[in-house]
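The values are calculated or read from the model by the stated rules, or taken from the named source; none is laboratory data. It should be emphasised that the depicted structure is a prediction, and the values quoted were computed from it without experimental measurement. Here the Cβ positions follow ideal geometry from the backbone for every residue, glycine too, while neighbour counts run over all protein chains shown. The area values use the complete protein model at the heavy-atom level, side chains included, leaving out ligands, DNA and RNA. Shrake-Rupley method; radii C 1.70, N 1.55, O 1.52, S 1.80 Å.
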Amino acid sequence: MRDCGRTRWWKGAVTIADIKSSIGELYAIEQLARGASAVHRLHPMAKLIATAFYIIAVASYGRYDAGGLMVYAFYPAVMMAVSETPCRFLLRRFLPALPFVLLAGISNVLFDTQTAFFIGPVGVSFGVLSLAVILIKAWLSVTVVLILAATTPMQDLACQLARLRIPAVLVMLVAMTYRYMGILSDEAHAMFTAYTLRAPKQKGIAMAHMGSFTGQLLLRSIGRAERVYAAMKCRGFHGAQRLAPARRAAAADWVFCVCVCLFSVLFRVVNFSYLLGRILV
Amino acid sequence: MIEVRNLSVAYPDGTKAVSGVSFTVGDGESVAVVGANGAGKSTLLCALVGILPASGGTICANGMAVQKKHLPQIRAAVGLVFQNPDDQLFMPSIYDDIAFGPRNYGLSEAEAEKRVSEVLAALDAGHLKDKAPHKLSGGEKRIAALGSVLAMRPSVMLLDEPSSFLDPRARRGIIALLAGIGLTKLVATHDLDLALAQNKHPVAQRKGGLFADGRASDILQNVHLMAQAGLELPLCCQASKRA
């Protein structure tokens, strides 16, 4: 009975196969990023600045201002349609962030119980309203970041981060972690396969073996990292990665960037949702 | 040219991987270091480009002693192709991987691009240029890893088990490719057919020490010597003996 219980518990646990499938999805983003739509063709720096500006504008909203945020859905919707980024892909990628967002907002529901307004006979508290605002902010921010990643190859993003004077070590860390996640998952998958073949009734990895499993994976990763570093040193690496010069941004790229930034500010200053509501009602 | 005299290499835990090895590789020569797993072949190659420090003896590559102050020049002239191409291919695309060395050695982007194009054309691998390393087959990865070193235009190439992880067809392709590279080569391998096809001058290594050095026909077809090195005769020699 105890074994059955443990098996059931592990059925709900994340397995290495799940990790591998997640990493496969990450590389699927890279496939999407090699598209040829108008959004894909925009200069990476213009997209990066526009995305950052948009997120700052969204994040600056007050904790109860759900209505004002609604107009911000316009930008990701247009970008998604033009770049042909599948909606399901964006939804699926947002799901892992959802528990964290809910965790951040759930305390508001418990402690901020004062009624804000009524929908028919049902009162909506300020806590629920602030949870909705957190959810909307997270959804909009994650979506624009995902659209940026799905329309810009990782190497171009890394290149632009370096040009924004982000420390070279951090940029290289991002680029190489991205490159080596696949190899690490292959390593973990191979170990997991070898494990399950000799423990066919076991679902996932038993807690008793988890320490040595992760320890071995860590040692293998360190070994791999040392060999990669040796290969880099053999080809003249001295600590700073030299990147290919990016293509120059065209006027259209900057027009896009300025438009997104201007509209982000405009939407923040003028409550278009309220104005639209007054016109319609 | 590479000249190794009485070389010893020990790991931090005290394990002696190479002990008292001496040999010379002349300009344009192709030499194979053959030995069983754990004989110290990879360690020897790493020591030749200063990745692992020698605990004794001397190494001279292209007229320079392998010491810290000469390492940038030595590594530009002596290219090491690692056993596992995944260790060598770390950039997001094959283009960037091949351009990595030339860029680090201060070449302009136009020059680096020219090098990449030349290397890919020479290896008949132009179709790999924009591909991501994780999307390649084992044989393609091996070719890309070779290209990443050739782009630095080394005068000496060190190849660690170049035929490992490959299916027979890809292995034959690599053997033919290596035969076409007219540089000084030092190939560490236990693939004796590769050693026989590539080299006129193999050296055999056993548990860190070199114990045979001579012509390919003398070394690789000597049953006694091969057994001492923990190896067997090349398949082609076994077949001819059976016949």
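Using the beta-carbon distance between A:Glu226 and A:Leu262 and R0 = 56 Å, what value does 1/(1 + (r/R0)^6) give for FRET efficiency, to the nearest 0.05? Spell out each step's value before the answer.
Numbers: r = 49 Å, r/R0 = 0.88.
Using R0 = 56 Å, I get an efficiency of 0.70.
For the protein assembly as shown, what is the convex hull (Cα atoms) projected area averaged across all directions, in square nanometres? Spell out each step's value before the answer.
Details: hull surface 133.6 nm².
Here the figure is 33.4 nm², rounded to one decimal.
Inverting the mean 1/r over all pairs of different Cα atoms, compute the Kirkwood radius of the stretch A:145-281 and quote it in Å. Walk me through the numbers before you get to the answer.
Values: mean 1/r = 0.0499 Å⁻¹.
Result for the stretch A:145-281, one decimal place: 20.0 Å.
For chain B, what ratio Rg/Rh do Cα atoms give with a Kirkwood hydrodynamic radius? Mind showing how you got there, number by number?
Details: Rg = 17.8 Å, Rh = 18.4 Å.
A ratio of 0.97.
When the solvent-accessible surface of protein heavy atoms is calculated with a 1.4 angstrom probe, in what order do A:Thr151, A:Thr113, A:Thr196 fall, highest first? Intermediate values should be presented prior to the final figure.
Working: A:Thr151 0, A:Thr113 95, A:Thr196 40 Å².
Descending order: A:Thr113, A:Thr196, A:Thr151.
As a test of reading the structure, rank B:Asp167, A:Asp253, B:Asp124 by solvent-accessible area (1.4 Å probe, protein chains only), most first. Before the final figure, lay out the partial values.
Values: B:Asp167 90, A:Asp253 10, B:Asp124 125 Å².
I get B:Asp124, B:Asp167, A:Asp253, largest accessible area first.
Among the DSSP beta bridges whose two residues both lie in the protein assembly as shown, what percent are antiparallel, rounded to the nearest 5? Could the numbers behind the result be given before it?
Details: 21 of 39 bridges.
DSSP beta bridges in the protein assembly as shown are roughly 55 percent antiparallel.
Grab the beta carbon distance between A:Ser37 and B:Ser137, set R0 = 35 Å, and tell me the FRET efficiency rounded to 0.05.
Details: r = 30 Å, r/R0 = 0.85.
For A:Ser37 and B:Ser137, the calculated efficiency is 0.70.
Which whole DSSP H helices in chain A pass both tests: a Cα extent of 15 Å or more along the axis and a mean Kyte-Doolittle value no lower than -0.5? Before the final figure, lay out the partial values.
Details: long enough: A:16-33 (26 Å, 0.54); A:44-59 (22 Å, 1.73); A:98-111 (20 Å, 2.09); A:126-151 (37 Å, 2.27); A:168-197 (43 Å, 0.99); A:207-234 (41 Å, 0.21); A:251-269 (27 Å, 2.02).
Correct list, ordered by number: A:16-33, A:44-59, A:98-111, A:126-151, A:168-197, A:207-234, A:251-269.
Quote to one decimal, in nm, the extra length available between A:Tyr195 and A:Val270 on full extension: 0.36 nm per residue of separation minus the C-alpha distance between them. Show your work: numbers first, answer last.
Details: separation 75, 0.36 × 75 = 27.00 nm, distance 5.97 nm.
Length gained, A:Tyr195 through A:Val270: 21.0 nm.
Of A:Glu84, B:Glu109, which has the most accessible area with a 1.4 Å probe, and how do the rest follow in descending order? Provide the component values of the computation, followed by the final result.
On the way: A:Glu84 150, B:Glu109 45 Å².
My answer, sorted largest first, is A:Glu84, B:Glu109.
Using alpha-carbon pairs under 8 Å, 6+ residues apart, how would you state the relative contact order of chain B in percent?
Details: 465 pairs, mean separation 63.8, N = 243.
That works out to 26 percent.
Using a 1.4 Å probe, how large is the accessible area of A:Lys233, given in Å² and rounded to the nearest 10?
Its heavy atoms expose roughly 60 Å² to the probe.
Using Cα-Cα distances under 8 Å and only pairs 6 or more residues apart, what relative contact order does the stretch B:3-87 have, in percent?
Numbers: 109 pairs, mean separation 25.0, N = 85.
Relative contact order, the stretch B:3-87: 29 percent.
For B:Val33, list long-range residues whose amide hydrogen, built 1.01 Å from N in the peptide plane, is under 5 Å from its own amide hydrogen.
Excluding prolines and chain starts, which carry no amide H, the hits are B:Val187, B:Ala188, B:Thr189, B:Val203.
Express the Stokes-Einstein translational diffusion coefficient of the stretch B:1-113 in µm² s⁻¹, to the nearest whole number, given a Kirkwood radius over alpha-carbon pairs, 10 °C and a viscosity of 1.306 mPa s. Mind showing how you got there, number by number?
Values: Rh = 15.6 Å.
Translational D for this selection: 102 µm²/s.
Between helix B:94-104 and chain B, what is the angle of the helix's C-alpha long axis to the longest principal axis, kept within 0 to 90° and rounded to the nearest 10?
With both axes taken from Cα atoms, the answer is about 90 degrees.
What is the helix-to-structure angle for B:109-122, meaning the angle in degrees between its Cα long axis and the longest Cα principal axis of chain B, kept from 0 to 90 and rounded to the nearest 10?
Once rounded, one gets 50 degrees.
In percent, how large is the relative contact order of chain A, given Cα pairs closer than 8 Å and 6 or more residues apart? Kindly include the intermediate steps, with their values, before the conclusion.
Details: 228 pairs, mean separation 96.0, N = 281.
Relative contact order here is 34 percent.
Need one value: the accessible area of B:Phe82 in square angstrom, 1.4 angstrom probe, rounded to the nearest 10.
20
Work from the charge dipole of the protein assembly as shown (Cβ charges, +1 for Lys and Arg, -1 for Asp and Glu, about the Cα centre) and give the residue of A:Val128, B:Val116, A:Ala225 farthest towards its positive end.
A:Val128
Which residues among the stretch A:115-142 fall inside the zone where the amide N is under 15 Å from a point 7 Å beyond the Cα of A:Ala77, along Cα→Cβ?
Correct set: A:140.
Please list, in order along the stretch B:32-45, the HN-Hα scalar couplings obtained from phi with the Karplus expression 6.51 cos²θ - 1.76 cosθ + 1.60 (θ = phi - 60°), rounded to whole Hz, x for Gly and Pro.
10, 9, 10, x, 6, 4, x, 6, x, 5, 5, 4, 4, 5
Residues with amide H under 5 Å of B:Ala212's amide H, sequence separation 5 or more or different chain, H placed in the peptide plane at 1.01 Å from N; which?
Close amide H contacts, sequence-distant or interchain: B:Ala204.
Relative to the present Cα-Cα distance, how much length would full extension add between A:Met181 and A:Ala104 at 0.36 nm per residue of separation? Before the final figure, lay out the partial values.
Numbers: separation 77, 0.36 × 77 = 27.72 nm, distance 2.83 nm.
Full extension from A:Met181 to A:Ala104 adds 24.9 nm.
Run through every distinct alpha carbon pair of chain A and return the Kirkwood hydrodynamic radius in angstroms, one decimal place. It would help to have the intermediate numbers written out before the result.
Numbers: mean 1/r = 0.0445 Å⁻¹.
That comes to 22.5 Å for chain A.
Only bridges whose two residues both fall in the stretch B:2-242 count here: according to DSSP, what percent of them are antiparallel, nearest 5? If you can, show how the numbers build up before the last one.
On the way: 17 of 35 bridges.
If we restrict to bridges inside the stretch B:2-242, about 50 percent are antiparallel.
With r defined as the distance between the Cβ atoms of A:Ala208 and A:Ala251 and R0 fixed at 60 Å, what FRET efficiency is calculated, to the nearest 0.05?
E between A:Ala208 and A:Ala251, to the nearest 0.05, is 0.40.
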